[in-house]
Amino acid sequence: MENASKALLMAASILLGLMIVTVGVVLFKSFGGFSREITTEIEKKQISQFNAQFQKYEGYINFYDEETNSQRSEKIKLTTHDIVTLANLAQKNNKEYELEKSKSDKENESTYYVQINLNDGTNSKNRNLEKWKETELTNFMESNNMENNEIKYYFIKNIIISNITGRVTYVEIQKL
């Protein structure tokens with residue numbers, strides 16, 4: 001009889017131990033899933049904030065025109081200062097991820113490299129502004145700021161966001 005009661009106590013303690021381990025595993029999985037969801041949401045927010053730095057210069061501004069008594073929209077205008085700001089953002093990003101040069105379009109889809117191209121109709125030297133040194137960007141800003149005593153404006157013609165990373169990888173700027 002004594003052996004039977006000891007066996008029952010041993011069986012009960014084993015079952016209790018298994019139940020505790022099972023509860024622990026279930027809690028670990030549920031907290032792990034919650035943690036994974038939080039991490040994913042944080043990453044999405046960071047990507048959205050990164051892209052917003054570039055996308056705020058893209059698109060149209062709607063306003064009310066009192067002369068025609070109607071709603072109008074016009075492209076968001078960029079100055080040379082805005083272009084240099086975008087080039088500096090791209091340089092900072094590329095330096096942070098230690099990316100030295102642009103790859104082919106297919107390879108560029110899966111990297112964090114950001115390329116800024118200016119198409120002002122003059123020459124191809126204005127390609128890859130993200131590679132320019134600070135002195136080159138300053139010279140660009142000083143020499144392209146005004147035309148016929150009026151401020152030169154540019155606009156974002158195209159922004160490409162990678163399907164793989166979800167981040168901006170290419171910005172094309174054109175003279176207005």
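The values are calculated or read from the model by the stated rules, or taken from the named source; none is laboratory data. Computed from a prediction, not measured in an experiment: that's the story for all the values here. As a convention, Cβ positions derive from the backbone with ideal geometry for all residues, glycine included, and neighbour counts pool all protein chains shown. The area values use the complete protein model at the heavy-atom level, side chains included, leaving out ligands, DNA and RNA. Shrake-Rupley method; radii C 1.70, N 1.55, O 1.52, S 1.80 Å.
Rundown of residues vs (1) at pLDDT 90 or above; (2) open to solvent by 100 Å² or more (accessible area, probe 1.4 Å), yes/no style:
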position	(1), (2)
Met1	no, yes
Leu9	no, yes
Leu18	yes, yes
Val25	no, no
Ser30	no, no
Ile47	yes, no
Gln53	yes, no
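Inspect all residues belonging to the stretch 66-74 and state whether any of them is of a type in the set (Ser, Thr, Tyr), closer than 29 Å to Asn139 by Cα and either open to solvent by 30 Å² or more (accessible area, probe 1.4 Å) or at pLDDT 85 or above (or both).
No - not one qualifying residue is present in the stretch 66-74.
I'm trying to understand the selection: among the residues of the stretch 128-159, which are within 12 Å of Asn117 (Cα to Cα) and open to solvent by 20 Å² or more (accessible area, probe 1.4 Å)?
Asn128, Lys131, Trp132, Phe155, Lys157, Asn158, Ile159
Would you mind stating whether Gln55 is within 29 Å of Ile164 (Cβ to Cβ) and either out of contact with any strand residue (DSSP E or B) (no Cβ under 6 Å at 6 or more places or on another chain) or not basic (Lys, Arg) (or both)?
On the way: within 29 Å of Ile164 (Cβ to Cβ): yes; either out of contact with any strand residue (DSSP E or B) (no Cβ under 6 Å at 6 or more places or on another chain) or not basic (Lys, Arg) (or both): yes.
Here the answer is yes, as Gln55 does meet what is asked.
Identify all residues within the stretch 160-176 that are among the hydrophobic types (A, V, I, L, M, F, W, C), more than 19 Å from Lys75 (Cα to Cα) and either open to solvent by less than 70 Å² (accessible area, probe 1.4 Å) or modelled with pLDDT of 95 or more (or both); write none if there are none. Steps first, answer last, please.
Just the residues of the stretch 160-176 that are among the hydrophobic types (A, V, I, L, M, F, W, C), to begin with: 160-161, 164, 168, 171, 173, 176.
Next cut, more than 19 Å from Lys75 (Cα to Cα) only: 161, 164, 168.
Correct list: Ile161, Val168.
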